[in-house]
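See below for the structure under consideration.
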Amino acid sequence: MTSVEASSRDRRIPPPWIRRAIIAWWLTGAAIALTFVLVRELQSLLTQIVMALFLSFAIEPVVDKLERRGIGRGTATVMALLGVVASIVIFLAMMGTLIADQLNQLVDDLPVYVESAQQWLDSTVGIQVSADDLLSQLQPGGEASKFASNLAGDLLGFGTTIANVLFQVLTVTIFAYYFSADGPRLRRAVCSVFPPARQHEILRVWELAITKTGGYITSRTILAVISGTFHWVVFASLGLPSPIALGIWVGIISQFIPAIGTYLAGILPVLVAVGVEPSKALWVVAAIVVYQQIENYLLQPRITAQTLDMHPAIAIAVVLAGTQLFGVAGALLALPLVATLTAFSTAYIERHELVDNRLIDQIIVDQILVDQSMAEQSMAEQSLPGTPEAEEGLEAP
């Protein structure tokens, strides 16, 4: 074989790195496809694990405080989780009682509502409607009664759904227990596979997640208590039924749905007020609107300045995106997750001095209150004994 033929054959054979690149490309594509399939099939379980992780972040401050008082970490975690479960059960029980009472009252007063509607349609619009025909549909054997009987046949499917939800709640609770009770050991296991420089970053993100999630839950709980108390007093003064349950409903729903939560939560008390006396519904709407403004401009900037510094439009977009991707779980986890990522990214984003322009010179009351709160906190920290600023002040003539 001549040297020319050998050289020509060597040129036809691809170099080894090309074969390795092709193999690596196919293996990478197969790994991505397999990961996508696994995530899609295990989406429910992964969502529950993420919810459990953030629940452990939320109860971590409580667990730490109980542990510092001499209570075992496992026992402290159980106590914190029992408090969360008890709060949810009490809330659902009160809402169930309220809804049952309102449905019973609606059934009792339905003939009166039908007759009033018939008289209004006859006198105002000129439409003749027989109230007796409508009421006959509501009696046993009527179409409405048949519909109710058919609906009762679906109770088995409803019970299956409830059992599924309870199983998911139990799964989240179990994972949250292990994430919190074995938190130090879990963090050691994660950090042990990374070099020391990366370990600092991982622990920093973990601490930020605990701080932001715990702070977010704390601030929202404080606002929920204030909102629930305010609306309870208003509903009681208006003579609405179950004012405590209505106040708790508005307080909780308004705080865990950003910006528009108060208005969504206000639908139920407005409907209840309409059933009692339509004019009282206007007072309920006025009270909800007034309180929303007080919360937006006075309470929320001071309480949430250190926990969730996010524009309301961004908060709504984050919640909607989380809901679209992961349903109710995404709506609950979206805000603390984005708050954690935002706080972590501030360490790597350089801020510059702003230029003078009318587009950015608008005075925002919320930002002024936040700046004032941060300035007061900074002055208080500087005045603490033992700090360098305080020691300098003592040494000054």
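The numbers here are math on the coordinates, done by the rules we state, and not lab data. Source: prediction; values computed, not measured. Positions of Cβ are generated from backbone atoms using ideal geometry, with glycine treated the same way; all protein chains shown enter the neighbour counts.
Results, tabulated for the structure shown:
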| read-out | value |
| --- | --- |
| Under Karplus coefficients 6.51, -1.76 and 1.60, residue-wise ³J(HN,Hα) of the range 295-302 in Hz, glycine/proline x | 5, 5, 9, 10, 7, 4, x, 7 |
| Per-bin percent of Cα-Cα distances, the range 13-105 [10 Å] | 13, 20, 18, 19, 14, 9, 5, 2, 0 |
| Ranked list, fewest to most other Cβ atoms within 10 Å of each Cβ, for H352, H200 | H352, H200 |
